[in-house]
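I have placed the structure first, in the form of structure tokens, so that the comments after it can refer back to it.
Computed from the coordinates by the stated procedures, all read-outs in this text should not be read as laboratory data. Every value quoted in this text rests on a predicted model; they were computed, and no experiment measured them. Every residue, glycine as well, gets a Cβ built from its backbone with ideal geometry; the counts of neighbours run over all protein chains shown.
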Amino acid sequence: MTHIVRIHKTGGPEVLSWEEIELGKPGPGEARIRQTAVGLNFIDTYNRRGIYPLSLPSGLGGEAAGIVEEIGSDVTELKPGDRVAYGNAPIGAYAEARLIPASRLVKLPQGVSDQQAAAMMLKGLTAQYLLRQTYRVKPGDVILIHAAAGGVGSIVSQWGKHLGATVIGTVGSEAKARLARAHGCDHVIDYTKEDFVKRVAEITAGKKLPVVYDSVGKDTFLKSLDCLAPLGLMVSFGQSSGLVEPFSINILTGKGSLFVTRPTLAHYATTTEKLRAMAKELFDLVAAGVIKIEIGQTYKLKDIAQAHRDLEARKTTGSTVLVV
């Protein structure tokens, strides 16, 4: 028997249920893994609340690390005892153990710990496609990342700096500003005290930006458009403050023939080969110390409801890991 977290209805953290199930053996193309650490992400709260609907009852969670216990008969690239992680797999990471498609697993190198992997797989792979594929950041670029002290934000800031960009980050407190600076932000804007549109104009001497990375959504979307130079790209990859409200596409013309995209990892890591290439680039930078994974807090997996409350109240910094 093994424990999992499941929801039978959508709602607040109180709908998260700690349950015991019989897991069974892996089928063709599957591996059974005993998980050691699980990542917590804002998208998990969207699933729990029904913003991204699931077929109920359902597990939650999209990233974790652990050890392969058993493999299906046709799995050749993995073996029992391998340390593995995932960040682009079927929902259900909130579990002590699980069955998972082997094609979605990546082996962990010696220089990356289980907790680091659980803290960065979804967030780090997101940073990879944002910086290396959605908009390919190059030396000399000036970029803006909202929620710079968060899990994705801290990785984007470090990686962007490594790529030669000037990184502007927004935060909501002085404590988070200190974290953003420590992670490579050249300029940090506390949006509770300053107008980030005005500050971006000052920092860039009126030239504005080629790209804005925005996971906040409703509270920042329209103002973020005002930070873009003509032909700039607005990358909306989350909505921690709420869904972006409908807007007229003609706004983009008036603000400089802007581009807007709403990307997701699933559309970038479409094959096992692409997924593992993205993970290798991430792992190499972490192992080399270029990217430091900030684990701001840990919770026991069975205390998942409190972890959700703290995340939604913006009490967390960096990445959050659930210890199994």
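Remark: spin-label model distance Arg136-Leu222 equals 3.5 nm, labels positioned 7 Å along the Cα→Cβ axis. Relative to a virtual label point 7 Å from the Cα of Ser241 in the Cα→beta-carbon direction, which members of region 140-180 show backbone nitrogen distances below 13 Å? Zone members listed by number: 146-148, 170-173. Look at where the Cα atoms of region 270-299 and of region 106-174 average out, and the two centres are 10 Å apart. The chain has equivalent-ellipsoid semi-axes of 34, 21, 18 Å, by the square roots of 5 times the alpha carbon gyration tensor eigenvalues, sorted largest first. Note on Lys193 and Ser55: the model spin-label points, each 7 Å out from Cα along the C-beta direction, lie 5.1 nm apart. Of the residues Arg34, Arg276, Arg136, the one that moves most in a GNM of the chain with alpha-carbon contacts below 10 Å is Arg136. Our coupling estimate for region 129-137, obtained by passing each phi through the Karplus curve with A = 6.51, B = -1.76, C = 1.60 and θ = phi - 60°, is 6, 4, 8, 10, 10, 4, 9, 7, 5 Hz, Gly and Pro reported as x.
Normalising by the residue count of the chain, find the relative contact order in percent from Cα pairs under 8 Å and 6+ residues apart. Relative contact order, the chain: 17 percent. When GluC sites (Glu not before Pro) are flagged only if DSSP places them in a loop and at most 14 other Cβ atoms lie within 10 Å, the longest unflagged stretch of the chain comes out as 195-324. Here region 1-44 is scanned for amide nitrogen atoms under 19 Å from the site 7 Å beyond the Cα of Gln306 along Cα-to-Cβ, giving 4-6, 12-19, 37-41. Annotation: the residues Ile21, Ile4, sorted from fewest to most other C-beta atoms within 10 Å of their own C-beta, follow the order Ile21, Ile4. Put in order of Cβ neighbour count within 10 Å, fewest first, the listed residues Arg181, Arg262 become Arg262, Arg181. Stretched out straight at 0.36 nm per residue, the stretch from Gln297 to Glu174 would grow longer than its current Cα-Cα span by 42.4 nm. Relative to the longest principal axis of the Cα atoms of the chain, helix 272-287 runs at roughly 70 degrees. Put a dot 7 Å past the Cα of Glu69, heading toward its Cβ, do the same for His267, and the two dots end up 3.7 nm apart. Computed over neighbours whose Cβ is under 15 Å from that of Lys123, the net charge equals -2, Lys and Arg +1, Asp and Glu -1. Estimated at 0.36 nm per residue, the fully extended path between Glu202 and Arg34 surpasses their Cα-Cα distance by 55.4 nm. Assign one of three labels to region 1-145, namely rounded, prolate or oblate, based on the Cα gyration tensor with a ≥ b ≥ c the square roots of its eigenvalues; rounded applies when a/c is under 1.5, prolate when it is not and a/b is larger than b/c, and oblate otherwise. Judged from the Cα gyration tensor, region 1-145 comes out oblate (a/c at least 1.5, b/c at or above a/b).
Working note: Karplus 6.51/-1.76/1.60 with θ = phi - 60° gives region 197-206 the couplings 5, 5, 5, 4, 4, 5, 4, 9, 6, x Hz, where Gly and Pro are set to x. As a proxy for reagent exposure, Ser154, Ser58, Ser215, Ser319 were ordered by neighbouring Cβ count within 10 angstrom, fewest first; the result is Ser58, Ser215, Ser319, Ser154.
Considering only the Cα atoms of region 158-317, their convex hull presents on average a projected area of 11.4 nm². Please label the shape of region 143-206 as rounded, prolate or oblate, based on the square roots a ≥ b ≥ c of the eigenvalues of the alpha-carbon gyration tensor (a/c under 1.5 means rounded; beyond that, a/b larger than b/c means prolate, else oblate). Oblate shape, in that a/c is at least 1.5 and b/c is the bigger or equal ratio.
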